[in-house]
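Student: Below is the structure I would like to discuss, written out as structure tokens.
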Amino acid sequence: MSGEPPWDFDWDAANVQHLAKNRITRSEFEQAMLHDPIIIDFADETGEQRWYALGATDRLRVPFLVFTYRDERIRAITGWDANKKLQSLYFQKKGE
């Protein structure tokens with residue numbers, strides 16, 4: 001195993017700053033995406049699909065993630081800490 005992630009991420013100052021407003025780092029977003037997140041829903045917003053997921057960081061922080069796919073890369077849109085109900089759902093689904 002090469003240790004490389006199975007896909008690339010699309011980062012720029014705008015999405016890094018947007019996540020930072022919710023105290024989520026680029027690294028935490030990537031960790032949560034690489035730890036087999038649970039897809040909650042998706043919607044077509046302004047002609048672009050937005051995916052909603054729950055993931056976990058290496059420290060078991062569970063953020064709610066919003067992202068899209070652009071040019072075969074994952075682009076973070078936003079994220080925030082999942083509430084207690086969603087955290088419980090995440091760990092319940094992962095324990096099944």
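Throughout, read-outs are computed from the coordinates displayed, never taken from laboratory work. In this text, all values refer to a predicted model and were calculated from it rather than measured experimentally. Quick reminder, even Gly has a Cβ in these numbers, built from the backbone with ideal geometry, and neighbours come from all protein chains shown.
Student: Testing the spin-label approximation: label points 7 Å from Cα along Cα→Cβ at VAL16 and SER88. State their distance in nm.
Tutor: 3.8 nm
Student: Something else now. Can you tally the net charge around TRP80? Count Lys and Arg as +1, Asp and Glu as -1, for every other residue whose Cβ sits under 13 Å from the Cβ of TRP80.
Tutor: For residues surrounding TRP80, the net value is +1.
Student: Note down the net charge around VAL16, summing +1 for each Lys or Arg and -1 for each Asp or Glu among other residues with Cβ under 14 Å from its Cβ.
Tutor: Around VAL16, the charge tally is 0.
Student: Tell me, what is the FRET efficiency for PHE9 and ASP36 to the nearest 0.05, using R0 = 22 angstrom and their Cβ-Cβ distance as r? If you can, show how the numbers build up before the last one.
Tutor: On the way: r = 16 Å, r/R0 = 0.72.
Efficiency at R0 = 22 Å is approximately 0.85.
Student: For PHE42, what charge total do you get from the other residues with a beta carbon under 12 Å from its beta carbon, if Lys and Arg give +1 and Asp and Glu give -1?
Tutor: Summing Lys/Arg as +1 and Asp/Glu as -1 gives -3.
Student: Looking at (1) 115; (2) 196; (3) 98, which value of volume of the Cα convex hull per residue in Å³ comes from a calculation on the structure shown?
Tutor: Recomputing volume of the Cα convex hull per residue in Å³ here gives the entry labelled (1).
Student: While we're here: In which sequence would ILE39, ILE77, ILE24 go, from the one with the fewest C-beta neighbours within 10 Å to the one with the most?
Tutor: So the ranking, lowest neighbour count to highest, is ILE39, ILE77, ILE24.
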